[in-house]
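A quick write-up on the structure given underneath.
The values are calculated or read from the model by the stated rules, or taken from the named source; none is laboratory data. The structure presented is a predicted model; accordingly, all values stated were derived computationally and were not measured. Cβ placement follows ideal geometry from the backbone for every residue including glycine, while neighbour counts extend to all protein chains displayed. All accessible areas refer to the heavy atoms of the entire protein, side chains included, with ligands and DNA or RNA removed. Shrake-Rupley method; radii C 1.70, N 1.55, O 1.52, S 1.80 Å.
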Amino acid sequence: MIWNETMECMDREQLREVQSIRLRKMVNYVYHNSPFYRKKLQEMDVTPDDIHDIDDIVKLPFTNKLDLRDNYPFGLAAVPMSQIVRIHASSGTTGKPVVALYTRKDVSTWAEAISRAFVAYGATQKDIFQVSYGYGLFTGGLGAHDGATNIGASVIPMSSGNTNKQITLMHDFGATALCCTPSYAMFLGESMKESPYPMEEFKLRIGAFGAEPWTENMRKKLEATLGIKAYDLYGLSEIAGPGVGFECQCQHGTHLNEDYYYPEIVDPETGEQLPEGTLGELCFTHLTKEGMPLLRYRTHDLTALHYEKCECGRTLVRMDRILGRCDDMLILRGVNVFPTQIEAVILSLKEFEPHYLLTVDRVNNTDTAELKVEVKEEYFCDEMAQMVRLQKKLEGELRSVIGIGFKVLLVEPKSIERSTGKAKRVIDNRVI
């Protein structure tokens, strides 16, 4: 099934022409509407007249997450805030979120992109979607909600958590499609088997899973546990949340909606554009966005692109599974977490030494994070109540800044192993 056959199956030469036209318009648009990009382009001695076709994208500047943080909150807006109808944000290493701005047209484009994904999975207006991604600043909940509504399907806006209620309503309302992280889907599946409802009474058939990396082994486990077909749903807050890319029923890679979000693979070190099939860093350029368009945004995701026509009939480029990241970012329960972010929180509190060890694991298919932190000698004591107060203080600050809960263990000074080389701050024991 194909939602927009004209665009999804367009001849690649025709698609290239569409991309070229849109890129020329976009560069002209940001040059005249974004002080940030006008300055960047002028520094490179590039004007809109220098952009003739999509190959000229290499003349444009890269954008990175630091640029978004430096321009927090609305410095990258290309329209007056009166035209912005949606503000999303994700956690940043400094404690300030990375912001994404959407006009009414941008929200409509996003809904179109994720509609392509859901229809590729075999969904129709007869389906009932249980959206168990978090609603709010996170793009997952509202993104999936709008896509399901756009194809005419029914939506149960569950958001995340409250597993018993999730299962009850999934059973009683007859949900046929589930949208959430793969780890939470696995936890739901195991909980369903322990619920009072027989598995054969559930009507689930489609799983749209994203917001964290997962493997083919995880796919097989999810399909066996839930009795569904599990599909990858790719996105990132800075570009459009879920719907930037999606698997078709052939599942030979993730199709990218490249008429909206133009992808490149570049060398992580040099920034040089790499040829088809080569592993490198994924970058995206907005071709139609109005509110906060980005040029050559470096995702730090490592993957490769393939341009041959898919068996499903789509000509949209396919992306390999993300193999890793160029930096040391962790993804915990769908939230991006950096060791430097944790360190910044610890150093903001006077009671703690800058020495910590984060141990990440997966228990009952849910990510866990245990953080050992040294207490300064003058604050370390044997009084339990005092230590509990310090523990709660740090846990609260971590949750406030990063957005997820950590189990904090306070330890005495100099008890965490030191290193003469690069300190090992993270132990990741997760095996998917």
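Enumerate the strands (runs of 3 or more DSSP E) found wholly within the stretch 334-422, keeping only those where 2 or more residues are open to solvent by 40 Å² or more (accessible area, probe 1.4 Å).
Counting at least 2 such residues, we get 352-363, 366-375, 407-411.
Can you find even one residue in the stretch 251-272 that is closer than 30 Å to Ile167 by Cβ and within 21 Å of the chain's Cα centre (by Cα)? First the steps, then the outcome.
Filtering the stretch 251-272 for residues closer than 30 Å to Ile167 by Cβ gives 251, 254.
Applying the additional criterion that residues be within 21 Å of the chain's Cα centre (by Cα) yields 251, 254.
Yes: the stretch 251-272 contains one or more residues that are closer than 30 Å to Ile167 by Cβ and within 21 Å of the chain's Cα centre (by Cα).
Here are Val107, Val98: which of them is in contact with a Gly (Cβ under 6 Å, 6 or more places away or on another chain), open to solvent by less than 50 Å² (accessible area, probe 1.4 Å) and not aromatic (Phe, Trp, Tyr)?
Val98
Could you list, in sequence order, all residues of the stretch 311-321 that are open to solvent by 10 Å² or more (accessible area, probe 1.4 Å) and either more than 18 Å from Gln19 (Cα to Cα) or not in a strand (DSSP E or B) (or both)?
Answer for the stretch 311-321, where residues must be open to solvent by 10 Å² or more (accessible area, probe 1.4 Å) and either more than 18 Å from Gln19 (Cα to Cα) or not in a strand (DSSP E or B) (or both): Glu311, Cys312, Gly313, Thr315, Asp320, Arg321.
Need a quick list: helices (runs of 4 or more DSSP H) entirely within the stretch 1-80 having at least 1 residues that are without any contact (Cβ under 8 Å) to a residue 24 or more places away in the chain and farther than 30 Å from Gln125 by Cα.
By residue number, 12-33, 35-43, 65-70.
For the stretch 266-283, what are the residues that are in contact (Cβ under 8 Å) with a residue 24 or more places away in the chain, open to solvent by 10 Å² or more (accessible area, probe 1.4 Å) and either aliphatic (A, V, I, L, M) or not in a loop (DSSP other than H, G, I, E, B) (or both)?
Gln273, Leu279
Residue by residue through the stretch 235-259, note down the ones that are touching a His at 6+ places or on another chain (Cβ under 9 Å), of a type outside the set (Asp, Glu) and either in a strand (DSSP E or B) or open to solvent by 10 Å² or more (accessible area, probe 1.4 Å) (or both).
Ser237, Gly241, Gly245, Phe246, His252, Gly253
Among the residues of the stretch 52-62, are any farther than 30 Å from Gln249 by Cβ, open to solvent by less than 40 Å² (accessible area, probe 1.4 Å) and hydrophobic (A, V, I, L, M, F, W, C)?
Looking through the stretch 52-62, at least one residue is farther than 30 Å from Gln249 by Cβ, open to solvent by less than 40 Å² (accessible area, probe 1.4 Å) and hydrophobic (A, V, I, L, M, F, W, C).
With a cut-off of at least 3 residues that are of a type in the set (A, V, I, L, M, F, W, C) and crowded, with 16+ Cβ neighbours inside 10 Å, name the helices (runs of 4 or more DSSP H) lying wholly within the stretch 139-210.
Filter on the stretch 139-210 gives 139-150, 182-193.
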